[in-house]
Amino acid sequence: MRRIAAMLMLALILSIPASSSENSASVVHVRGGGSVLFEHVTGVWCDVCADHEPWVAAMVESNGDRLIRVDLHDVIEDPLGNEAATHRRMRLNHTLPFPTYHLDGHAEATSSVSRGELQMSLLAAESARKTHEVIEATVVADESGGIVTVVVADPIQIEGTQLTLLLLETSVTISTAEATNGLLVHSAVLQSLMSIEIGGNKTIKPWAWGDVEMTDEPGLNAVFEFDWPEGVNAETVTLVVVHEVVEVENGPATLSALSWAVEGPSEEVQGFGWVVLLLVGCALVSLFLRSRSSL
C-alpha cells in the first residue's frame, strides 16, 4: 500500500512541469460598462499636446476605471498614426485643432487647458449617460493572439449600434529623431480595431488583423478573434470593448465600455494551480492510508 501511495505522489510531481508548459493560455472574465471613452486626438509633432501630457496622464490615472484613454495619432509625419486611428477620427468627425478631447464620442467645445477643466468634462459625460448598461467580456489569450467573447445581456439600445474591440499599446517609446515635440513615451496608442454592426456589417482595421461574428443569443453577443499585431508586445497591450452607436449625433455615442490590460502570468502564478493539486493529492493519499489502517 505504501508503494502505491509513493507511486501516486511521484505521478503528481512528474506531471507538474509537463502540464504547466502545455497550458500557456490565460482566461479572464471582465464585467463593467460604466467607463467613459476618452478619445484623445494627438500627434508627435504637436507641441501643445506635449505640454498637456503631464496633467492629462495624471487626470486619467487618478480617475481609474471612470474613463478609458484611447490616443488617436495623426498619420501625417507621425510614426504612431495608422488606419485604425484615422477611422476613429473620421467617425468622430474630427476637424478641430490638436489636441482634441472626445468624451463618449463628443469633443469639448473648447479643448481643456487644465486638469480641472478636463475633470469637469468627465463629470458632464457621466451625467449625460441615460442609464447604466452592463457589458461582460471573456478574454482567452496566448502567445499568438486571443478570442474575446462579448455579452450585453440587457442593452439600452440595439438598432443603430455596434460592438467594437480596440487594441491599444499601453506604452510606446519612440526615438528622439521621431519625437518632434520632445515627448518620447506615449500612452494608450490605438493600433487595431474591429466593429460589427447589428445588421452584420464589419469594420476591421487593418483588414487582416482578425474577424468578428455575432452569435444568436439573447441580448447582444459577439466573438472577436485576432492575432497580436506584428511588433507589438502582447504583455503591454490593453483591450477595450465598447457598445456604441454607429452614427455619432447629439446624445452620448458610447452606451458602455470596459478595458482590460493584458499581463503575462508570472511563473509563480502559473505554478500555483499545480501546488494546490499537489497538496490535494497528498491529502487524498493520507486519507486513503488512514482508512486502510483503521480496517
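If you check E83, E53, E108, E61, which single one turns out to be over 24 Å from V151 (Cβ atoms), at pLDDT 95 or above and more than 20 Å from the chain's Cα centre (by Cα)? Step through it out loud before you land on a result.
Working: E83 fails: more than 20 Å from the chain's Cα centre (by Cα); E108 fails: at pLDDT 95 or above; E61 fails: more than 20 Å from the chain's Cα centre (by Cα).
Checking each option against the conditions leaves just E53.
Restricting attention to segment 99-146, the residues that are in contact with a Pro (Cβ under 6 Å, 6 or more places away or on another chain) and crowded, with 22+ Cβ neighbours inside 10 Å total 1.
Every residue in segment 147-180 that is polar (S, T, N, Q) and loosely packed, with under 15 Cβ neighbours inside 10 Å, please. Lay out the reasoning, then the answer.
First, the residues of segment 147-180 that are polar (S, T, N, Q): 149, 157, 161-162, 164, 170-171, 173, 175-176, 180.
Within segment 147-180, S171, T173, S175, T176 qualify.
Looking across segment 64-80, the residues that are among the charged types (D, E, K, R) and at pLDDT below 95 come down to D74, E77. Among the residues of segment 178-207, those that are aliphatic (A, V, I, L, M) and within 30 Å of E159 (Cβ to Cβ) comprise L190, L193, M194, I196, I198, I204. Among residues belonging to segment 221-254 that are touching a Ser or Thr at 6+ places or on another chain (Cβ under 6 Å) and polar (S, T, N, Q), point out the one that is modelled with the lowest pLDDT. Among them, the one singled out is T236. When segment 149-189 is filtered for residues that are touching a strand residue (DSSP E or B) at 6+ places or on another chain (Cβ under 7 Å) and under 19 Å from N201 (Cβ atoms), the ones remaining, listed by number, are V150, V152, P155, Q157, I158, G160, T161, Q162, L163, T164, L165, L166. Quick check on segment 77-111: of everything there that is in contact with a Phe, Trp or Tyr (Cβ under 8 Å, 6 or more places away or on another chain) and assigned to a loop (DSSP other than H, G, I, E, B), which residue is farthest from E53 (Cα to Cα)? Filtering first and then ranking leaves E77. Taking the conditions (1) part of a strand (DSSP E or B); (2) at pLDDT below 55; (3) not charged (D, E, K, R) in turn, L295 satisfies each one other than (1). Among residues of segment 212-241 that are more than 23 Å from Q157 (Cα to Cα) and aromatic (F, W, Y), those with a Cβ under 7 angstrom from a residue that is modelled with pLDDT under 90 and surrounded by 17 or more Cβ atoms within 10 Å (Cβ to Cβ), sequence gap 6+ or separate chain, pair up as W228/A234.
Is it fair to say W207 is in the same structural domain as F38 (by TED's automatic domain parsing), part of a strand (DSSP E or B), of a type in the set (F, W, Y) and surrounded by fewer than 20 Cβ atoms within 10 Å (Cβ to Cβ)? Quick ask: steps written out before the conclusion?
On the way: in the same structural domain as F38 (by TED's automatic domain parsing): yes; part of a strand (DSSP E or B): no; of a type in the set (F, W, Y): yes; surrounded by fewer than 20 Cβ atoms within 10 Å (Cβ to Cβ): yes.
So W207 does not fit the description; no.
Could you tell me whether segment 70-85 includes any residue that is of a type in the set (A, V, I, L, M, F, W, C), surrounded by 15 or more Cβ atoms within 10 Å (Cβ to Cβ) and touching a Pro at 6+ places or on another chain (Cβ under 8 Å)? For segment 70-85, residues of a type in the set (A, V, I, L, M, F, W, C), surrounded by 15 or more Cβ atoms within 10 Å (Cβ to Cβ) and touching a Pro at 6+ places or on another chain (Cβ under 8 Å): present. All told, E133 meets the bar of being under 19 Å from V245 (Cα atoms) and either free of Cβ contacts under 8 Å to residues at least 12 places away in the same chain or of a type in the set (D, E, K, R) (or both).
Looking at segment 52-73, is at least one residue free of Cβ contacts under 8 Å to residues at least 24 places away in the same chain and under 21 Å from M194 (Cα atoms)? No.
The values are calculated or read from the model by the stated rules, or taken from the named source; none is laboratory data. As the structure is a computational prediction, the values presented were derived from the model and not from experiment. With ideal geometry, Cβ positions are generated from the backbone for all residues, glycine too; neighbour counts draw on all protein chains shown.
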